[in-house]
There are 2 protein chains.
Amino acid sequence: MSPDRLSTTFSALADPTRRAILARLISGEASVTELAEPFAISLPAVSKHLKVLEHAGLITRGREAQWRPCRLEAGPLKDAADWLDHYRRFWEESFDRLDDYLGELQGQEEERHGHEDEH
Amino acid sequence: MSPDRLSTTFSALADPTRRAILARLISGEASVTELAEPFAISLPAVSKHLKVLEHAGLITRGREAQWRPCRLEAGPLKDAADWLDHYRRFWEESFDRLDDYLGELQGQEEERHGHEDEH
């Protein structure tokens, strides 16, 4: 994947309305009118957001003339998640440090008991 | 987390140079000069990217006057990954469908062998 593809994905996700539209599509296909309902914005504004999502490959739209349902396409989300996964060890590090500390405490405890047995 | 926080993170990630800077920081702290080396862009341009990353909380900078090393901060990346994780089942669906198909084929195979035994 070219870097631009990933930039297009992240850029499309950098908006709360677009993320809310994707969240709505988790529960199934929806028309533009249905998608617009929860937002205090105009249909043209929703259409603009849908164009951004469509351009990023995050949704596809049905070909029915009257009702062109929007459908979630998760491929670009997977690529974004794969990119983020390279950094996983950094956010898991704090848990590892806690693990190390607990391990160390346990080691000291065992050593102390060892010494007690010697007496 | 407010939606804006996530938008700031995704917006900061929507640039190949900024993603390359974060990737460089996986291997440890680095100065602005070190970070600028691989790119055919000016130091001020790199500084501008660093400001965006710092504003998004994706890096912190040391307080040493001469050398202010940049350091990766993975917290916002974890939040972005957590958001993307809600969509995991959609990109895993294609594998599930393949699994179902293989299971179906195996079922037919077993049924066929069953019938052969009857004869």
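Any read-out appearing in this document is the output of simple, stated calculations on the displayed coordinates, not a laboratory observation. Computed from a predicted model, the values in this text were never measured in an experiment. Cβ: placed from backbone, ideal geometry, glycine included. Neighbour counts: every protein chain shown.
In whole percents, the pair-distance distribution calculated for the protein assembly as shown from its alpha-carbon pairs, binned every 10 Å from zero, is 6, 23, 23, 18, 14, 9, 5, 2, 0. The calculated P(r) of chain A, using every Cα pair and 5 Å bins from 0, goes 2, 10, 15, 15, 11, 8, 6, 5, 5, 4, 4, 4, 4, 3, 2, 1, 0, 0 in percent.
From its DSSP helices (H runs of at least four residues, each -39,500 (n - 2.57)), chain B gives a residue-normalised ellipticity at 222 nm of -22000 deg cm²/dmol. Let's test the formula: R0 of 35 Å, r as the Cβ-Cβ distance of B:ARG68 and A:LEU102. What FRET efficiency results, to the nearest 0.05? After rounding to 0.05, the efficiency reads 0.55. Only Cα pairs under 8 Å and at least 6 apart count here; give the relative contact order of chain A as a rounded whole percent. Computed over chain A, the figure is 24 percent. Taking θ as phi - 60° and the Karplus parameters 6.51, -1.76 and 1.60, the scalar couplings of segment B:71-83 work out to 9, 5, 10, 8, x, x, 5, 4, 4, 5, 5, 4, 5 Hz in sequence order, x denoting glycine and proline.
What is the calculated FRET efficiency for A:GLU54 to A:GLU93, with r their C-beta to C-beta distance and R₀ = 25 Å, to the nearest 0.05?
On the way: r = 38 Å, r/R0 = 1.52.
Efficiency, from the Cβ-Cβ distance: 0.05.
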